[in-house]
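All remarks here apply to the structure that follows.
The values are calculated or read from the model by the stated rules, or taken from the named source; none is laboratory data. Remember, it's a predicted structure, so these values are computed and weren't measured experimentally. Cβ: placed from backbone, ideal geometry, glycine included. Neighbour counts: every protein chain shown. Note: accessible area is taken over every heavy atom of the protein model, side chains too, but ligands, DNA and RNA are not part of it. Shrake-Rupley method; radii C 1.70, N 1.55, O 1.52, S 1.80 Å.
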Amino acid sequence: MAFEGLSDRLQNTIKKITGKGKVSEQDVKEMTREVRLALLEADVNFKVVKDLIKRIKERAIGQEVLESLTPGQQVIKVVKEELAELMGGEQSKIAVANKPPTVIMMVGLQGAGKTTTTGKLANLLRKKHNRKPMLVAADVYRPAAINQLETLGNQLDLPVFSLGTEANPVDIANQAIEKAKEEHHDYVIIDTAGRLHIDENLMGELQEIKQSVNPDEVFLVVDSMTGQDAVNVAESFDEQLDVTGVVLTKLDGDTRGGAALSIRAVTGKPIKFAGMGEKLDQLEAFHPDRMASRILG
Ligand code: GDP
């Protein structure tokens, strides 16, 4: 997993403090110094690390630890809670529209995993939540993208709405929603166009779709292997589109995934799902507390 290196280092660090019957201020200082280095080395944003360490220190040197019977474990609990808080605290749910269908717009750079995630999300909604989703091919610039979504739809036995490459994405999205209403689909997931880099045309088009269909969720798909770029991309998309959630893909990869941990702190938007592989069932709801436990062992 992407956090393996970070996880190993943090586990080594906290092991030293776990069994301590008494935790001195010096112990806490040493531990936080090592936690800080581990996070920086894993590519977590500098300012995010600074704020996190400050909070851990304040709490770990405070009453909650001093008065505890097992101060070593209490310190670790603090680190775990703060790490979970950094990634978003409680897990946030996916929206449900008062009147179906619930409309989800998927956005992100080309190659981030947007189309795959569109299929995975539909699969998850059907399997775990008993929903009846419809996929929408609104990337009209790349015929291959439409084919890719149609192939996914076939594999999953789910309908894909497409008007080919000649139609306007705003019309495609609106017609898809009408069709979903007629056919009683309760979720419409729109796969929009991506580009290799953020540009004004792309953002303009995405804003137009958003204004026209008024989606219940705008999910930004981000490749966790792209390091600080992932954070910058998330910031720009959020500025222009006010996204409602982030999907981190490729967390199964072995590059330092730490940057991804900064996304929530930098944008304030929750990470809702994590892609853990190429297969269509490898999308998980993102639980910050479980992820923190996984990282800290
Ligand atoms: P798009 O251009 O954003 O629509 O990206 P695609 O959906 O075509 O995905 C780009 C590549 O990333 C494909 O080869 C996917 O199989 C792969 N991919 C997507 N999500 C994941 C993931 O969570 N883990 C891994 N290992 N690969 C992924």
Two-decimal Rg/Rh across region 212-297, once Rg and the Kirkwood Rh are taken from alpha-carbon atoms: 0.97
Compute the orientation-averaged projected area for region 4-131 from the convex hull of its Cα atoms and round it to one decimal in nm². 11.3
Ratio Rg/Rh [Cα only; Rh per Kirkwood] for the chain: 1.05
List Thr18, Thr192, ordered by accessible area with a 1.4 Å probe, largest first: Thr18, Thr192
Can you tell me how much longer the chain between Glu178 and Arg142 gets when fully stretched, taken as 0.36 nm per residue apart minus their C-alpha distance, in nm with one decimal? 10.5 nm
Can you pull the one-decimal nm distance between simple spin-label points at Glu150 and Val96, each 7 Å off the Cα toward Cβ? 3.4
If you add up the charges near Asp191, with Lys and Arg at +1 and Asp and Glu at -1, over every other residue whose beta carbon is less than 15 angstrom from its beta carbon, what do you get? +1
Could you give the semi-axes, largest first, of the ellipsoid that matches region 1-74, computed as the square roots of 5 times the alpha carbon gyration tensor eigenvalues and rounded to whole Å? 22, 14, 9
For Asp199 and Leu66 in the same chain, what is the full-extension length gain: residue separation times 0.36 nm, less their Cα-Cα distance, in nm? 42.6 nm
Going residue by residue through region 280-287, the Karplus relation 6.51 cos²θ - 1.76 cosθ + 1.60 with θ = phi - 60° gives ³J(HN,Hα) values, rounded to whole Hz and with x marking Gly or Pro, of 6, 9, 9, 10, 10, 4, 8, 10
Short version: what are the Cα gyration tensor semi-axes of region 140-240, square root of 5 times each eigenvalue, largest first, in whole Å? 24, 16, 14
Helix 25-41 against the longest principal axis of the chain: what's the angle in degrees, Cα atoms only, rounded to the nearest 10? 30
